[in-house]
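A.B. asks: Sharing a structure below in structure tokens format, with a few things to ask.
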Amino acid sequence: MSRVIGPGAALGVLGSGQLGRMFALAARRMGYRVHTFSPEEDSPTGQVADLEVTAPYEDLDALRTFAGGVEVVTFEFENVPSEAVDAIEALAPVRPSGVALHTAQERAREKTFLADRGIPTAPFARAATLDELWEAVARVGTPAVIKTAAFGYDGKGQHKVTTPADIEHIWTAIGHQEAVVEKFISLQAEISVVAARGATGEVAEYIPFENRHRNHILDVTTVPAAIPPAIAAQAAEITREILRGLQYVGVLCVEFFLSTDGELLVNEIAPRPHNSGHLTIDAALTSQFEQQVRAICGLPLGSPEIPRPAAMANLLGELWVDGEPNWAAACRFTDVKLHLYGKTDPRPGRKMGHLTAVARTVEEAQDRVLAARDALLI
Ligand SMILES: Nc1ncnc2c1ncn2[C@@H]1O[C@H](COP(=O)(O)OP(=O)(O)O)[C@@H](O)[C@H]1O
Ligand SMILES: [Mg+2]
């Protein structure tokens, strides 16, 4: 039985971006203290935390001091070096565990974990050399997607291969890194299931979210997803199996492809709250961040119910090209909630914030967030 970490305790977050910020806001509302550790200063998380520690992830002494000051440590992005996690695990519980992080950190390991459990993914093959890349593309067939095995996010490190003639320049473009070749799937929809598993094995998942991407970056999320109930049930069951298989404690997200043939495939696992789950802050009885606090502190999980249709639109750095967006115009949409992450350096593709609306129908919720987003450029 794990001990309950009650309000008043200090919780540690590795990483200091927007996910850490929203976690910190949820934790502080519940009366916890939050300490964040990252190489950045005046970070999105640091701005709302009780303590911001600025040091490189390689500084094991700084990590040990940080771990000594908190009751439990979680992380907000998965590319923290495993040595950092090991150093902390000796001093404070890390939830989700270093083992779960290790599995989800690298695409080939993640896909092998899924394949071992008979969970369907896009056909894939791994490659560590140019020769292996040729073989892998031949085995998977074209069109395919070549993805770097580690450190990919928002489509970075991904290249589509339509003919084998592309292989050599892609190998150069990815810097000769280990890669995974995946069959290109013709998509009917992309959905995600965000779920929490508590210290006692209790699981609570949200109904699936439907995600639309632009340039490989999430653009709009809506709920409920326009998918058959049997697919929703299958996605929930697969997510539960992944949580059990990883002996997971915390919040994770499983991204799925629904192919035009009606096949449900796991795309990837994010071992943390997810961009598609941001609408839970305004639309669910318990947000994904409160759920993360509850799970890592050994508290009972909250209700994942989402009573009404909702939509979320991301605000990317592009909106800043001509200076500060028109916040007053967007705030005239009084039923749309504005979330900004406190970042000071807008760049194309960078997630700066999001908008959420709850409405009677999915279409209405989506129209509202899109209209409010358009108003930012008036
Ligand atoms: N095999 C594939 N077939 C079709 N589309 C894909 C495939 N792999 C990736 N994509 C598209 O690119 C997006 C980002 O890819 P993903 O593997 O999730 O990487 P990231 O780690 O960058 O999120 C996906 O959500 C999907 O829209
Ligand atoms: Mg993804």
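A.B. asks: Which residues, taken from segment 90-123, are open to solvent by 60 Å² or more (accessible area, probe 1.4 Å) and within 25 Å of the chain's Cα centre (by Cα)? Full working, then the answer.
C.D. replies: Taking segment 90-123 first, the residues open to solvent by 60 Å² or more (accessible area, probe 1.4 Å) are 90-91, 99, 102, 109, 116-118, 123.
If the condition is that a residue be open to solvent by 60 Å² or more (accessible area, probe 1.4 Å) and within 25 Å of the chain's Cα centre (by Cα), then Val99, His102, Arg109, Asp116, Arg117, Gly118, Pro123 are the ones that fit.
A.B. asks: Hand me the list of strands (runs of 3 or more DSSP E) wholly inside segment 268-378 holding 1 or more residues that are of a type in the set (Lys, Arg) and more than 18 Å from Leu252 (Cβ to Cβ).
C.D. replies: 336-340, 351-358
A.B. asks: Sticking with this structure for a sec: Kindly list, by first and then second residue, each pair from a residue in segment 136-150 that is on the phi > 0 side of the Ramachandran plot and in the same structural domain as Asn79 (by TED's automatic domain parsing) to a residue that is within 14 Å of ligand 2 (Cβ to nearest atom) and open to solvent by less than 10 Å² (accessible area, probe 1.4 Å), limited to pairs with Cβ atoms under 7 Å and residues at least 6 apart or on different chains.
C.D. replies: As it stands, the answer is none, since no pair meets every condition given.
A.B. asks: Now, a different point. Could you please find all residues in segment 151-184 being buried (at least 19 other Cβ atoms within 10 Å of the Cβ), farther than 17 Å from Glu268 by Cβ and either more than 15 Å from ligand 1 (Cβ to nearest atom) or touching a residue at least 40 places away in the same chain (Cβ under 8 Å) (or both)?
C.D. replies: Ile167, Trp171
A.B. asks: Take segment 52-89 and flag every residue that is acidic (Asp, Glu) and within 20 Å of the chain's Cα centre (by Cα).
C.D. replies: Listed by number, the residues that qualify are Glu76, Glu78.
A.B. asks: Does Arg272 satisfy the criteria of being open to solvent by 10 Å² or more (accessible area, probe 1.4 Å), touching a Gly at 6+ places or on another chain (Cβ under 9 Å) and within 16 Å of ligand 1 (Cβ to nearest atom)?
C.D. replies: yes
A.B. asks: Which of the residues belonging to segment 32-89 are open to solvent by 40 Å² or more (accessible area, probe 1.4 Å) and β-branched (Val, Ile, Thr)?
C.D. replies: Of everything in segment 32-89, those that are open to solvent by 40 Å² or more (accessible area, probe 1.4 Å) and β-branched (Val, Ile, Thr) turn out to be Thr54, Thr65.
A.B. asks: Taking into account only those residues within segment 189-217 that are out of contact with any Asp or Glu (no Cβ under 8 Å at 6 or more places or on another chain) and part of a strand (DSSP E or B), which is most open to solvent (accessible area, probe 1.4 Å)?
C.D. replies: Arg214
A.B. asks: Okay, moving on. Can you confirm whether segment 300-315 contains a residue that is acidic (Asp, Glu), surrounded by fewer than 19 Cβ atoms within 10 Å (Cβ to Cβ) and in contact with a strand residue (DSSP E or B) (Cβ under 7 Å, 6 or more places away or on another chain)?
C.D. replies: No, there is no match, as no residue in segment 300-315 is acidic (Asp, Glu), surrounded by fewer than 19 Cβ atoms within 10 Å (Cβ to Cβ) and in contact with a strand residue (DSSP E or B) (Cβ under 7 Å, 6 or more places away or on another chain).
A.B. asks: Let me ask something else. Can you tell me which residue among Val321, Val293 is more than 29 Å from Arg244 (Cα to Cα) and not assigned by TED's automatic domain parsing to the domain that holds Gly46?
C.D. replies: Details: Val293 fails: more than 29 Å from Arg244 (Cα to Cα).
Within the list Val321, Val293, the selection yields Val321.
A.B. asks: For segment 236-248, state whether one or more residues are within 19 Å of Met312 (Cβ to Cβ) and assigned by TED's automatic domain parsing to the domain that holds Ala295. Let's see the steps before the verdict.
C.D. replies: Of the residues in segment 236-248, the ones within 19 Å of Met312 (Cβ to Cβ) are none.
Within segment 236-248, none of the residues are within 19 Å of Met312 (Cβ to Cβ) and assigned by TED's automatic domain parsing to the domain that holds Ala295.
A.B. asks: Within segment 331-348, which residues are touching a residue at least 60 places away in the same chain (Cβ under 8 Å) and surrounded by 15 or more Cβ atoms within 10 Å (Cβ to Cβ)?
C.D. replies: Those that are touching a residue at least 60 places away in the same chain (Cβ under 8 Å) and surrounded by 15 or more Cβ atoms within 10 Å (Cβ to Cβ): His339, Tyr341, Gly342, Lys343.
A.B. asks: Could you identify the single residue in Thr148, Thr222 that is within 21 Å of the chain's Cα centre (by Cα), crowded, with 17+ Cβ neighbours inside 10 Å and either more than 12 Å from ligand 1 (Cβ to nearest atom) or among the small types (Gly, Ala, Ser) (or both)?
C.D. replies: Just a single option satisfies the conditions, and that option is Thr222.
A.B. asks: Looking at segment 227-246, is at least one residue assigned to a loop (DSSP other than H, G, I, E, B), crowded, with 24+ Cβ neighbours inside 10 Å, out of contact with any His (no Cβ under 6 Å at 6 or more places or on another chain) and in contact (Cβ under 8 Å) with a residue 24 or more places away in the chain?
C.D. replies: There is no residue in segment 227-246 that is assigned to a loop (DSSP other than H, G, I, E, B), crowded, with 24+ Cβ neighbours inside 10 Å, out of contact with any His (no Cβ under 6 Å at 6 or more places or on another chain) and in contact (Cβ under 8 Å) with a residue 24 or more places away in the chain.
The values are calculated or read from the model by the stated rules, or taken from the named source; none is laboratory data. Quick caveat, the model's predicted, so the values are computed rather than measured. Note: ideal-geometry Cβ built from the backbone for every residue, glycine included; neighbour counts use all protein chains shown. In case anyone asks, the SASA skips ligands and DNA or RNA and just uses the protein heavy atoms, side chains included. Shrake-Rupley method; radii C 1.70, N 1.55, O 1.52, S 1.80 Å.
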